[in-house]
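Working notes, beginning with the structure itself.
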Amino acid sequence: MIKEILLGELVSRGFDSIKKIFTSNKISLVVSKDDLTESLNSHSKYIQNLTSKVSFKELRGNKNLNDTYIALDLELQAIRFKEKEQREKKLRVEKLINKTESHLIILGGPGAGKTTTVKKICQSLLYEEEIKNYSFPILINLRDLSSEQTIYGKLKDILGIQIVLKNEGVKTQTLIEDKELRIKYVNAYLDSLKAIIILDGLDEVNPLKIRSLGQEIKSLILNLRNSLVIVTSRSASYDLDIENSIEYELCNLNKSQIKKFVHKWFDKDKYAEKFLSEISKSKFYDFSLKPISLAHLCAIYERTKKFYDKPKSIYKKLVRILIEEWDEQRDIIRESNYSDFDNERKFDFLSHLAYDLTIRFDKKVYFEDDLKDSFLNINESFGLPKNQCLKVVREVEAHTGILIQSSFETFEFVHKSMQEYLAAEHIVKMPEIPTKLLHNVNISNELAITVALSSDPNAYFFKLVFDVFSKENFSSHSIIEFLSRLAYEKPDFKESLLIPYCFAKITDEFIDNDLESHEKLIKIINEFKEIHNIKISFKKFSLNISTSIENIYDYDSQESTENNADESDSLESDLLEKFNSDNLDIDDASLKEMNIKKFVNVELEDSYFKKLPESEQPYQGLFNEVKIPLNIYNKHFN
């Protein structure tokens with residue numbers, strides 16, 4: 001805590017500086033130096049308790065700040081003012097504070113680590129760690145100011161300063177609340193204390209107060225020389241231009257910082273390494289680039305020793321954290337400038353915008369004109385003025401941080417996988433699957449997530465396979481991408497004989513006849529069969545086609561390899577035995593390579609159709625004979 005001798009000297013100096021302000025002998029302080037010292041000690045204890053822990057709902061408890069804190073990097077100038085490829089030298093906040101000659105504006109998106117950084121600055125000052133040039137912190141959470149409260153009024157209360165006016169001819173005294181005088185003596189006292197005044201969360205205050213608070217912040221920054229002012233805000237919400245201050249933006253976590261954070265979070269290294277291994281292979285690895293997302297992922301994993309079983313649960317959770325839960329947990333209400341544009345409408349807007357940008361532009365980074373084109377296509381659905389695209393986007397960025405201005409002239413979704421998820425949320429609500437679009441744009445990832453989000457994944461999957469996918473609108477590469485993502489998403493498929501038939505149909509119609517494509521599909525189906533209902537479906541399917549093998553043909557010649565029944569039976573038996581073997585030697589591997597063009601001609605038995613549930617009966621007329629490559633057949637259909 002603050003050393004008593006140092007504090008006494010600073011308060012004594014500040015006490016004298018205040019008295020110099022009072023040129024009239026009618027105005028005087030009614031508090032002693034001891035009173036002022038006690039006020040600062042009281043505020044320091046408040047800060048100590050406020051900043052020593054981190055907590056949020058998923059954590060179900062608290063963690064010590066120092067047990068999880070890692071130093072974050074800052075870049076000079078806000079991202080929105082930079083060119084796309086422009087990169088600045090990165091600085092650590094503690095080093096920046098020690099060397100800066102200007103006051104600091106620390107910007108960042110939701111969950112970038114602004115408040116945690118503030119907590120660490122306070123702890124470092126209280127316990128004399130790293131920060132050397134300043135004595136102690138004074139912290140104001142701007143959202144806690146009442147509608148009538150001002151920054152200077154709050155500072156006066158924290159400092160414990162009280163002045164009175166002596167009434168002539170009587171012994172009574174009147175407390176003075178003159179605003180101009182208060183600004184003078186608070187500035188004078190603060191500058192003598194060599195403190196760091198932290199104004200946290202400018203973006204969290206009522207928009208109607210921003211102008212007046214901005215004037216007070218400007219007064220502090222322009223008048224303090226020995227003390228330092230630090231203001232934090234979400235990037236999109238900060239619109240002040242104050243001399244003698246410099247804007248810095250918090251950077252995303254790098255791989256080294258992610259690893260360090262995770263190892264500090266988990267008590268045991270084995271859990272940390274397992275977490276890092278699993279998240280590095282996940283589709284939501286990019287979520288870990290933000291401290292708030294990484295902390296929530298760690299909290300979930302710490303509690304369950306795994307991520308949610310379904311990736312869609314992760315997407316939903318992290319989107320909800322950014323849109324509403326993080327603010328709700330801190331009792332923050334963000335007012336919209338547009339009627340009926342609450343959090344739910346913002347979610348729908350972001351979903352529609354993500355979809356529209358995806359189908360219009362084959363990229364993930366968008367220019368202003370791209371954004372305007374998509375906005376004009378959807379604004380009427382949300383009652384938004386067509387000439388206020390950038391204002392709407394700025395509000396969405398400030399409130400959610402999901403769509404961000406990533407440079408002076410570009411915009412993007414904060415995570416690629418979040419854009420895919422949001423686009424899928426829009427697709428699943430559409431009355432029809434956007435089949436025509438598949439000719440011009442690859443939305444295989446979005447469609448896979450849509451299947452997982454659907455209330456009936458079986459029906460949605462069957463609809464895609466039988467009614468939507470064709471060689472004209474879906475390539476072999478897109479199909480492999482779709483199936484791979486679908487396996488990753490783990491839809492809640494019900495047991496159905498139709499599912500393995502869909503795989504057989506896809507194999508017949510789309511999969512390139514080469515060893516690499518076959519191996520990819522074999523691996524994907526293996527992943528699907530980790531889902532219990534899929535595994536059972538394949539077993540039952542194989543029972544219905546086990547007697548349906550007619551012949552083994554060659555793709556090139558399209559001639560039967562059988563010269564007679566005995567020769568055919570012998571060849572079929574030999575090939576099946578070879579491909580069923582798990583211990584291929586070099587010759588067997590060569591045989592496998594030579595015979596990748598062999599396939600099994602499968603015709604379903606009549607009894608198969610009788611086992612289909614009523615909901616799947618409409619597909620009966622679409623069943624055709626299918627050809628399954630021999631190596632794939634033996635791995636999964638035999």
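Which of rounded, prolate, oblate describes the stretch 299-447, given a ≥ b ≥ c as roots of the alpha-carbon gyration tensor eigenvalues and a/c under 1.5 marking rounded, otherwise prolate only if a/b is larger than b/c? Taking the square roots of the gyration eigenvalues as a ≥ b ≥ c, the stretch 299-447 is oblate. I need the calculated FRET efficiency for the pair residue 369 and residue 471, taking r as the beta carbon distance and R₀ as 35 Å, to the nearest 0.05. Calculated value: 0.50. The share of accessible area on the stretch 372-465 that comes from carbon and sulfur is 47 percent, using a 1.4 angstrom probe. For the stretch 89-168, trypsin sites (Lys or Arg not before Pro) are listed when DSSP marks them as loop and at most 13 other Cβ atoms sit within 10 Å of their Cβ; the list is 89, 132.
Residue separation of residue 215 and residue 146 scaled by 0.36 nm, minus their Cα-Cα distance, works out to 23.1 nm of gained length. When +1 charges are put on Lys and Arg Cβ atoms and -1 charges on Asp and Glu Cβ atoms, the dipole computed for the stretch 255-413 relative to its Cα centre reaches about 1100 debye. Overall, the anisotropy analysis places the stretch 266-376 in the oblate class: the square-rooted eigenvalues a ≥ b ≥ c of its C-alpha gyration tensor yield a/c not less than 1.5, with a/b not exceeding b/c. Specify whether the C-alpha gyration tensor of the stretch 502-544 places it in the rounded, prolate or oblate class, a ≥ b ≥ c being the square roots of the eigenvalues: rounded for a/c under 1.5, otherwise prolate if a/b is larger than b/c and oblate if not. Cα axes put the stretch 502-544 in the oblate bin.
For the stretch 468-550, the list of GluC sites (Glu not before Pro) that fall in a loop by DSSP and count at most 12 other C-beta atoms within 10 angstrom reads 472, 530. Loop-located trypsin sites (Lys or Arg not before Pro) in the stretch 395-466 (DSSP state not H, G, I, E or B) with no more than 13 neighbouring Cβ atoms inside 10 Å: 429. Mind giving me the FRET efficiency for residue 28 and residue 303? R0 is 56 Å, r the Cβ-Cβ distance, nearest 0.05 is fine. E(calc), rounded to 0.05, equals 0.45.
The relative contact order of the stretch 338-389, computed from alpha carbon pairs under 8 Å that lie at least 6 residues apart in sequence, is 36 percent.
The values are calculated or read from the model by the stated rules, or taken from the named source; none is laboratory data. Source: prediction; values computed, not measured. Here the Cβ is made from the backbone with ideal geometry for all residues, glycine too, and neighbour counts use every protein chain on show. When the accessible area is computed, the model is the full protein with side chains, heavy atoms only, and any ligands, DNA or RNA have been set aside. Shrake-Rupley method; radii C 1.70, N 1.55, O 1.52, S 1.80 Å.
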